[in-house]
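Undergrad: The structure under discussion is supplied below as structure tokens; questions concerning it will follow.
Nothing in this text is a laboratory measurement; each read-out follows from the coordinates by a stated rule. In this text, all values refer to a predicted model and were calculated from it rather than measured experimentally. Note that we place each Cβ from the backbone using ideal geometry, even for glycine, and neighbour counts take in every protein chain shown.
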Amino acid sequence: MINAVCTHGNKRITYSILTFQNLPESDIERYRQHLICFECGGKAYYRKKSIDGKAACFGSRYHENCNEGRSSPQREREVRHAVEVNKILSDSSEVIFDFFTSDSKKSGESKDRKPKSKQVSKGTTKSHTGTVNHTSMKILGMDKALNSLLRGSNLAESDTVITIDGKYPYKAKNLFVNFSDAKPADNSKDARPKMYWGTISHSDKELEWLNPSDCEDVGIPIKRHKEQILKSFNITEKRDLEGAGLIVFGKCFWNAQKNRKIIELWNADRIFISVVED
Ligand SMILES: [Zn+2]
């Protein structure tokens, strides 16, 4: 995208990438969470110039019926995952969530991960006639869930039951929450963990704090798990996080001043970051 529209302060100002990248740092930080595609209005991101010289750019993970949303292997994968997830939802009333199942390649994956189980595990169900059936339960992983949500799958509205850790059932529509819809508990103890998703606008300088594009009042601290997360997703600089898709399993609660919602990760394995593939 050569241009993006900034809606900060209820105004609409179109910026070219050249103008935007030359704004003072403080303006960039203020405006970057308010960028949309000038053609389709999809939420957009700004990526600064990379250390190795890739140009600054605008982009969006949300283009819809838009000439700017050019096809790429990443986009095709997301669309494919949305189709797959919609099929799973229409075929199954119950799905198992597996944090270790992944279709996307991750570089530098940490060695202490459990082996990936791509196998379909057997669930035992009793039919109404009393006979015991062994049915193949559908399995959903984080990358497929995120990709499908980014491409508007039915996951966010579905009544299908998604089971976490083999024993915690959630209706899909109650489990997957966009960052902008996060409802905080008063404190971390009262919060029920959910799967929060959206895209990253930018991080702080130390890559310890993620700011979603979808809203300004949510922050995701990753300091405690920083090393493992950056390594898992091959993230080396701030730019790698800009515009990335993000899904985390964690708790949402108010900070002490009650002016910011905090999403606290469950652990370093329950996060998936879909870095923009240029
Ligand atoms: Zn667009």
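Undergrad: Taking every alpha carbon pair in the chain, what does the distance histogram look like in 5 angstrom bins from 0, in percent?
TA: Reading the bins upward from 0: 1, 5, 12, 16, 18, 17, 13, 8, 5, 2, 1, 1, 0, 0, 0.
Undergrad: Work out how much length residue 277 to residue 51 would gain on full extension: take 0.36 nm times their residue separation and subtract the Cα-Cα distance, in nm to one decimal. Don't jump to the answer; show the numbers that get you there.
TA: Working: separation 226, 0.36 × 226 = 81.36 nm, distance 1.60 nm.
Going from the current span to full extension adds 79.8 nm.
Undergrad: While we're on this one: State the antiparallel share, in %, of DSSP beta bridges confined to the chain, rounding to the nearest 5.
TA: Antiparallel bridges make up about 75 percent of those DSSP assigns within the chain.
Undergrad: Taking the convex hull of the Cα atoms, report for the range 165-278 its projected area averaged over all directions, in nm².
TA: Directional mean of the projected Cα hull area for the range 165-278 stands at 7.4 nm².
Undergrad: Between residue 80 and residue 171, what length in nm is gained on full extension when 0.36 nm per residue of separation is reduced by their alpha carbon distance?
TA: So the extension gain works out to 30.5 nm.
Undergrad: So, one more: Which GluC sites (Glu not before Pro) in the range 223-269 pass both tests, a DSSP loop state and at most 14 other beta-carbon atoms within 10 Å?
TA: For GluC sites (Glu not before Pro) across the range 223-269 that sit outside H, G, I, E and B with at most 14 neighbouring Cβ atoms in 10 Å, the list reads 237.
Undergrad: Next question. Using the Cα centre as the reference, give the magnitude of the dipole from point charges on the C-beta atoms of the chain (Lys, Arg: +1; Asp, Glu: -1; all else neutral), rounded to the nearest 20 debye. Intermediate values should be presented prior to the final figure.
TA: Values: 46 positive and 37 negative charges, 106 e Å.
Its charge dipole is roughly 500 debye.
Undergrad: Given 0.36 nm per residue, what is the gain on full extension from residue 209 to residue 187 after removing their alpha carbon distance, in nm?
TA: 6.0 nm
Undergrad: Still on this structure, I have one more. Percent of alpha carbon pairs in the range 213-253 separated by more than 16 Å?
TA: For the range 213-253, the share of Cα pairs beyond 16 Å comes to 42 percent.
Undergrad: Now, a different point. Grab every C-alpha pair in the range 156-211, bin the distances at 5 angstrom width from 0 up to the longest one, and report whole percents.
TA: Once binned at 5 Å, the Cα pair distances of the range 156-211 give 4, 16, 19, 22, 19, 12, 6, 2.
Undergrad: Let me ask another. If you wrap a convex hull around the C-alpha atoms of the range 1-85 and split its volume per residue, what is the figure in Å³?
TA: Normalising the Cα hull of the range 1-85 by residue number yields 117 Å³.
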